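Below: the structure, in structure tokens.
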Amino acid sequence: MPSGPFGARADPPWNKENACTGVCGYDALFGDGEESEGPIKLSEEIMSGEVKGLPKVNVVIVGAGLSGAVMAERCATMGKTCLVIDKRDHIGGNCYDYLHADTGIRMSRYGAHLFHTKYERVWEYVTRFSEWVPFDHRVRGLVRGKDSKMHLVPIPPTQKSVNALLGENIQSDAEMEEWYKKVRVGDVDEAQNGEEAALARVGPDLYEAIFRHYTKKQWDKYPSELDASVLKRLPCRTTTDDRYFSCKYQALPARGYTRIFENMLLTGPCKRKVTVRLNCDFFKVRSELPAHDLLIFTGPIDAFYTSQGLPKLEYRSIRFEETVHENPDGGYHQEAFVVNHPYPEVPYTRIVEYKHLPIQPESVKQGKVTPSVTHTEYSTAEGDPYYPVPNTQNRELYERYRSLAEKEPGVAFVGRLASYKYFNMDEAIKNALEMFDDLREKGRFEPKPPAAARPPKEVPKLDDGSAPPSSRGSVCSQAAANCAVQ
């Protein structure tokens with residue numbers, strides 16, 4: 001059984017690949033004397049969900065997750081007023097973390113979040129809103145080997161994984177590369193589905209032991225039922241590097257992810273320019289929203305239109321089963337922060353034990369908290385949308401929604417749910433920053449001039465010089481008809 005926390009850093013030389021080597025960044029709230037370990041208490045006004053009667057704002061932002069918070073912070077810095085609304089009772093979206101009521105352990109409500117990025121702009125941006133500590137995320141998998149025994153091995157598989165599971169004796173990068181060449185089946189570029197792609201990447205033994213059944217649990221579809229793109233990028237490590245990511249910057253926010261959003265939305269320019277309302281469902285208060293120049297929608301793009309009776313896109317969600325372990329041996333339930341369970345005998349995908357993280361409150365890090373808490377994760381079709389389901393039908397339906405969105409007057413769709421595309425945290429931030437730049441360059445944040453001040457539209461002429469019949473009609477309703485499922 002584990003006798004202490006799983007190490008926050010990888011073994012040399014791989015730990016030196018991380019450019020975050022010590023505490024980085026600035027936490028404005030902490031700098032101003034806010035020493036609470038958990039989320040700060042928000043005002044009754046913020047929690048009220050009440051928007052009726054609020055004064056005009058430049059921008060209304062639907063969603064207080066990464067995309068919405070970045071948009072609000074950038075708008076406020078530009079001097080624009082914003083109203084941010086979210087139907088949940090907290091800021092931070094799926095990144096929200098908190099202190100467990102019974103143990104004081106810092107937990108994530110919506111699954112483990114590991115920040116990593118190769119983008120200098122994103123790293124410079126996030127270090128404005130938190131102190132960060134280095135963390136090399138390493139996943140372990142409990143996997144059945146050729147000897148029929150269960151082995152705890154690095155995921156993605158490394159030399160150590162292959163040796164333990166398949167009885168090999170690989171000792172160098174070159175030997176690992178040769179082994180892959182020997183076991184691979186087919187050409188990954190010619191793969192017609194996920195199974196063919198996986199076999200071309202890792203061969204049949206690793207595919208069966210690690211990827212086939214895990215994919216079925218994650219997507220409720222075997223790899224053969226998924227697009228090849230889903231498994232074309234399966235990582236094939238030839239080295240001893242057991243880090244899950246290889247990005248230049250890998251870190252965790254020293255006082256949790258929620259603190260980032262508190263600094264973004266409640267301090268600096270946002271303190272003066274941004275109004276936040278939680279417990280506020282956009283579709284219920286839409287008619288009560290204050291006048292605004294632009295609406296930024298960061299929710300599921302299909303939700304914007306299914307409220308008008310159009311069909312839904314398909315998502316996968318996660319159900320979390322919490323277990324408190326009162327007195328585990330050595331203080332921990334399992335040997336690593338994240339342990340994947342890819343074998344078919346259990347219905348869950350992984351177990352996460354947050355107590356291992358180096359960003360726990362001091363009482364936890366000092367060993368004063370005896371219990372531990374785990375979240376067992378089950379993939380499901382019901383619940384909050386996490387992962388778009390990658391298949392032809394969903395892609396085609398999304399393209400129809402995207403066509404609708406491009407014609408939606410006064411609305412901009414931003415973020416992973418609005419794009420029907422899974423983003424890592426850094427990609428979500430990068431996307432929001434770039435979308436903000438694009439909207440600003442196009443003047444979308446500026447109020448539209450009154451109709452009398454607008455130059456008259458030039459009516460195109462037909463070949464005979466006459467004006468064409470009016471074709472304005474209802475663009476949205478026409479597009480909606482095209483979007484209907486046949």
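For the range 149-218 and the range 90-139, write down the distance between their C-alpha centroids in whole Å.
Distance between centres, Cα-based: 30 Å.
Tabulate in residue order the Karplus-calculated ³J(HN,Hα) for the range 414-426, using 6.51 cos²θ - 1.76 cosθ + 1.60 with θ = phi - 60°, rounded to whole Hz; enter x for Gly and Pro.
These are the phi-based 3J(HN,Hα) values: 9, x, 5, 6, 6, 9, 6, 8, 6, 10, 5, 4, 5 Hz.
Please determine, in degrees from 0 to 90 and to the nearest 10, the orientation of helix 194-206 with respect to the longest principal axis defined by the Cα atoms of the chain, where the helix direction is its Cα long axis.
Approximately 20 degrees, to the nearest 10.
Determine which lysines satisfy two conditions relative to K16: a Cα distance under 16 Å, and not lying fewer than 8 residues away in the same chain.
K118, K248
Can you compute the FRET efficiency between E446 and L54 using 1/(1 + (r/R0)^6), with r the Cβ-Cβ distance and R0 = 25 Å? Round to the nearest 0.05. Write down the numbers at each step before the final one.
Values: r = 21 Å, r/R0 = 0.82.
Computed FRET efficiency for E446 and L54: 0.75.
For a quick check: with amide H placed at 1.01 Å from N, whose amide H comes under 5 Å from R316's, ignoring anything fewer than 5 positions away on the same chain?
Y386, Y387, V389
Rounded, prolate or oblate, given the Cα gyration tensor of the range 140-191, with a/c below 1.5 counting as rounded? Numbers along the way, then the final one.
On the way: a/c = 2.02, a/b = 1.49, b/c = 1.35.
Note, shape of the range 140-191 comes out prolate.
Starting from the Cα gyration tensor of the range 32-151, multiply each eigenvalue by 5, take the square root, and state the resulting semi-axes largest first in whole Å. Numbers along the way, then the final one.
Values: eigenvalues 252, 75, 49 Å².
Listed largest to smallest, the semi-axes of the range 32-151 are 35, 19, 16 Å.
What nm distance separates the two modelled labels at S148 and L42, each placed 7 Å from Cα along Cα→Cβ?
About 5.5 nm separates the two model spin labels.
In degrees between 0 and 90, to the nearest 10, how far off the longest principal axis of the chain does helix 173-183 point, with axes built from Cα atoms?
80
Along the principal axes of its C-alpha atoms, what lengths does the chain span, in descending order and rounded to whole Å?
Cα spread of the chain along its principal axes, largest to smallest: 80, 61, 36 Å.
Packing-wise, with mean Cβ within 10 Å as the measure, how do 257-267, 379-389 rank, highest first? Mind dumping the intermediate values first?
Details: 257-267: 24.3, 379-389: 15.5.
Output ranking for 257-267, 379-389: 257-267, 379-389.
If each Cα of the range 139-230 is one equal point scatterer, what is log10 of I(q)/I(0) from the Debye formula at q = 0.17 Å⁻¹?
Scattering profile of the range 139-230, log10 relative to I(0): -0.74.
How high is the relative contact order of the range 139-230, in percent, counting Cα pairs under 8 Å that sit 6 or more residues apart? Numbers along the way, then the final one.
Values: 125 pairs, mean separation 19.1, N = 92.
Worked out over the range 139-230, it gives 21 percent.
What is the distance in Å between the Cα centroid of the range 364-411 and that of the range 32-51?
26
Starting from the Cα gyration tensor of the range 183-243, take the square roots of the eigenvalues, sort them a ≥ b ≥ c, and report rounded, prolate or oblate (rounded when a/c is under 1.5, otherwise prolate if a/b is larger than b/c, else oblate).
Working: a/c = 1.78, a/b = 1.23, b/c = 1.44.
Note, shape of the range 183-243 comes out oblate.
Above 13 angstrom, tally the Cα pairs of the range 51-112 and express them as a % of all pairs, no decimals. Mind dumping the intermediate values first?
Details: 1260 of 1891 pairs.
Summing the P(r) tail past 13 Å for the range 51-112 gives 67 percent.
Packing-wise, with mean Cβ within 10 Å as the measure, how do 72-82, 303-313, 100-110 rank, highest first? All intermediate terms of the calculation are to be shown ahead of the outcome.
Working: 72-82: 20.9, 303-313: 16.0, 100-110: 18.3.
Packing proxy ranking, top to bottom: 72-82, 100-110, 303-313.
Determine, for each peptide in 274-286, 415-427, 56-68, the mean count of other beta carbons within 10 angstrom over its residues, then list the peptides with the highest first. Display every interim value, and only then the final one.
Details: 274-286: 17.8, 415-427: 20.9, 56-68: 24.9.
In descending order of packing, they fall as 56-68, 415-427, 274-286.
Relative to the Cα centre, what is the charge dipole magnitude of the chain, using +1 at the beta carbon of each Lys and Arg, -1 at the beta carbon of each Asp and Glu, and rounding to the nearest 20 debye? Walk me through the intermediate numbers first.
Values: 63 positive and 68 negative charges, 209 e Å.
Dipole magnitude for the chain comes out near 1000 debye.
For the range 298-312, just list the computed ³J(HN,Hα) in residue order, Karplus coefficients 6.51, -1.76 and 1.60, θ = phi - 60°, integers in Hz, with x standing in for Gly and Pro.
10, x, x, 4, 6, 5, 4, 9, 5, 5, 9, x, 8, x, 8
Any read-out appearing in this document is the output of simple, stated calculations on the displayed coordinates, not a laboratory observation. What you are looking at is a predicted structure, and each value in this text was computed from that prediction instead of being measured. Here Cβ is always computed from backbone atoms with ideal geometry, including for glycine, and neighbour counts include all displayed protein chains.
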